[in-house]
């Protein structure tokens, strides 16, 4: 492994910034709609307001609400606005976090500790989730000592199987999870049914709306058929929703919401025997950057319901055109019946991983997925400008991939295929661990 020595002397500022710009030149192009994950692009005007608010609070620390009451005000107002958007009432409370994974982490902690208080006989708590639920739940359960019980989704709809979820409940189940929508395929789980089952069994019900929390309410207002997914459903205890996705802010912004303060108190960590004083935080992190808080507050205020509806109208129209175009290309189809702007492209006759690699040659960047093999698409307002060229290149790529023999498939496409086909999923996990362990080194 190569070694980078700590610099003896500092570089001139202009040289540092020039080097940064050079490094960035090799990154994927998201500003022109050529990526379909990771970045949510609403245009330059939204980015400008969001970035300026971020920079205005880039040094401030959210750890102390007493030193920076401005951040406390903005964070509580963001949580309150999100609660209003997601069917909450005057009792609904929440906090901002660094992202969906942290929102999920603290929600799982809250559910676990709530069960410890209310059901102390449970010593081996279980988290019940459909296969399509985000791996952040697996991560949280791993960190927090819960057993995950994973239920296969309905083979046709790809949604959580209500009957199978009900059957999987045990005396140790302390939390149930549903998605609005699931990230891999954009499917909204039957959350009303799941929440009813959870309530009848005294189980904490969490809705993961990290993708849809700042999209589905506006899509519903636009007249699209979106099933109820939020606090309007009795039995929903908590909701996670990312602002840095369809809220269109810089990364590092999510909210975790609770139906009432009693639930939220189990999220908070406090330690009273430290020489530095009583230490209490609602988040996994202690010090927190002020930028994401200020950026979220500013962007929600800047866009409002009207602004978000305009942006999501663009996204939905682009999504409908893309899905219609994809399904006219022989050999391709869209998995399930996604209701919003996240979907996946599948094929029974083509190697979709090779198709994804071919699209990279046309400078389109689409993530590959397993179970089943497919390509992930997350549509933002910027994609309204690329529908026709994307479909044209996709059609051309399909024609080229159709000519390939299995032995012609190499590179990342072959690697994804190999990982996806491993019958021993433990071996696939070990491969991923080793791959990342090697990747994050200086080469």
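Is the shape of the stretch 104-231 rounded, prolate or oblate, going by the alpha carbon gyration tensor and its root eigenvalues a ≥ b ≥ c, with a/c under 1.5 for rounded and a/b larger than b/c for prolate? Write down the numbers at each step before the final one.
Working: a/c = 1.81, a/b = 1.67, b/c = 1.09.
It comes out prolate by the Cα gyration axes.
Need one number: convex hull volume per residue for the stretch 1-134, Cα atoms only, in Å³. It would help to have the intermediate numbers written out before the result.
Working: hull volume 39.3 nm³, N = 134.
With only Cα atoms used, the stretch 1-134 gives 294 Å³ per residue.
Under a GNM of the chain (C-alpha, springs under 10 Å), which listed residue has the highest mean-square fluctuation: 257, 355, 214?
Highest fluctuation of the listed residues: 355.
If you take the alpha carbon radius of gyration of the stretch 52-301 and divide it by 2.2 N^0.38 Å, what ratio comes out, to two decimals? Each step should come with its number before you reach the end.
Working: Rg = 17.7 Å, N = 250, 2.2 N^0.38 = 17.9 Å.
The value comes to 0.98.
Taking the chain as a Gaussian network, Cα atoms linked when under 10 Å apart, which of 343, 269, 353 shows the biggest mean-square fluctuation?
Ranking 343, 269, 353 by mean-square fluctuation puts 269 first.
Tell me the mean residue ellipticity at 222 nm calculated for the chain from its helices only (DSSP H runs of n ≥ 4, each -39500 (n - 2.57), averaged over every residue, nearest 500). Spell out each step's value before the answer.
Numbers: 14 runs with 186 residues, N = 443.
Estimated from H runs of four or more residues: -13500 deg cm²/dmol.
Under the rule a/c < 1.5 gives rounded, and otherwise a/b versus b/c splits prolate from oblate, where does the chain land using the Cα gyration tensor?
Numbers: a/c = 1.41, a/b = 1.17, b/c = 1.21.
The shape class here is rounded.
Please find, in a Gaussian network model of the chain (springs between Cα atoms separated by less than 10 Å), the residue of 156, 337, 251 whose mean-square fluctuation is greatest.
156
Restricting to Cα pairs below 8 Å that are 6+ residues apart, what does the relative contact order work out to for the stretch 138-198? Please round to a whole percent. Please list the in-between numbers first.
Values: 51 pairs, mean separation 15.6, N = 61.
Relative CO of the stretch 138-198 lands at 26 percent.
Distance in nm between label sites at residue 61 and residue 171, each 7 Å beyond Cα in the beta-carbon direction?
4.8
Suppose a student asked you for the relative contact order of the stretch 314-381, using Cα pairs under 8 Å spaced at least 6 residues apart; what percent would you report? Don't skip to the end; give the middle numbers.
Numbers: 89 pairs, mean separation 22.4, N = 68.
Relative CO of the stretch 314-381 lands at 33 percent.
DSSP beta bridges in the chain, what fraction antiparallel, as a percent rounded to 5?
On the way: 23 of 41 bridges.
Taking every DSSP beta bridge with both residues in the chain, the antiparallel ones total about 55 percent.
First check a/c for the stretch 150-292, with a ≥ b ≥ c the square roots of the eigenvalues of its C-alpha gyration tensor; if it is under 1.5, answer rounded, and if not, answer prolate when a/b is larger than b/c or oblate otherwise.
Note, shape of the stretch 150-292 comes out oblate.
For the stretch 136-198, what D do you get in µm² per second when you plug the Kirkwood radius from alpha-carbon pairs into Stokes-Einstein at 4 °C and 1.567 mPa s? Walk me through the numbers on the way to the answer.
Values: Rh = 12.5 Å.
This corresponds to a translational diffusion coefficient of 104 µm²/s.
Given a cut-off of under 8 Å on Cα pairs at least six residues apart, what relative contact order in percent is computed for the chain? Don't skip to the answer; put the middle values down first.
Values: 775 pairs, mean separation 90.0, N = 443.
So the answer I get is 20 percent.
Read-outs throughout are calculated quantities, based only on the coordinates presented, and are distinct from any laboratory measurement. From a predicted model like this one, the values you see are computed outputs, not experimental measurements. No Cβ is skipped: glycine too gets one built from the backbone with ideal geometry, and neighbour counts run over all protein chains shown.
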